[in-house]
1. Rounded to the nearest 10 Å², what accessible area does Arg81 show when all protein chains are kept and the probe is 1.4 Å?
2. Under 4 °C and 1.567 mPa s, how fast does segment 38-103 diffuse according to Stokes-Einstein, given a Kirkwood radius computed over C-alpha pairs? Answer in µm²/s, whole number.
3. Over every pair of different alpha-carbon atoms in segment 1-52, take the mean of 1/r and invert it; report that Kirkwood radius in Å.
4. Apply the Debye scattering formula to segment 1-110, with a single equal point scatterer on each alpha-carbon and no solvent, then give log10 I(q)/I(0) at q = 0.23 Å⁻¹.
Amino acid sequence: MRVLAIDVGARRIGVALSDPTSTLASPWRMISSSGSIQDDAVAIAGLVEEAARDGDAVSTIVVGLPLRLDGSASDQTSRARALAAALESVTGLPIVLQDERLTSREAEQRLALRMMNWRTRKARLDAAAAAVILQDYLDARGR
């Protein structure tokens, strides 16, 4: 069974998918946020169905929880929580909230090693951040 993870942003949502053994995370997609929690949840549910058609079904959705460095809620925390609740309602799958502090920075550093062009990196950053969130979840689960 695969695990899908999302990095929720105001304009874009990065999506990552694990391998069938739920060991390795890979950036998968980036979708534009509609601004509506419910519409975004339906769009992500469509990706869950697409992943099932392409291989193993998705067993869990991991939603990156944006927190400040001190652990307090940020401006985006309530949006991520609301999207997680909507996803649970739309898909019926278990939803896990995963701390995403510094994942975008880590993803940016990893992409910079392979891609010199900033615009190319920016286009892939959200999905790469989702992959970092997912890999953190998979690694913690394995312990």
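1. Per-residue accessible area (Arg81): approximately 120 Å².
2. 103
3. 11.3
4. Scattering profile of segment 1-110, log10 relative to I(0): -1.39.
The values are calculated or read from the model by the stated rules, or taken from the named source; none is laboratory data. Treat the numbers as computed from the prediction; the structure is a model and nothing was measured. Note: areas computed on protein heavy atoms with side chains; ligands, DNA, RNA excluded. Shrake-Rupley method; radii C 1.70, N 1.55, O 1.52, S 1.80 Å.
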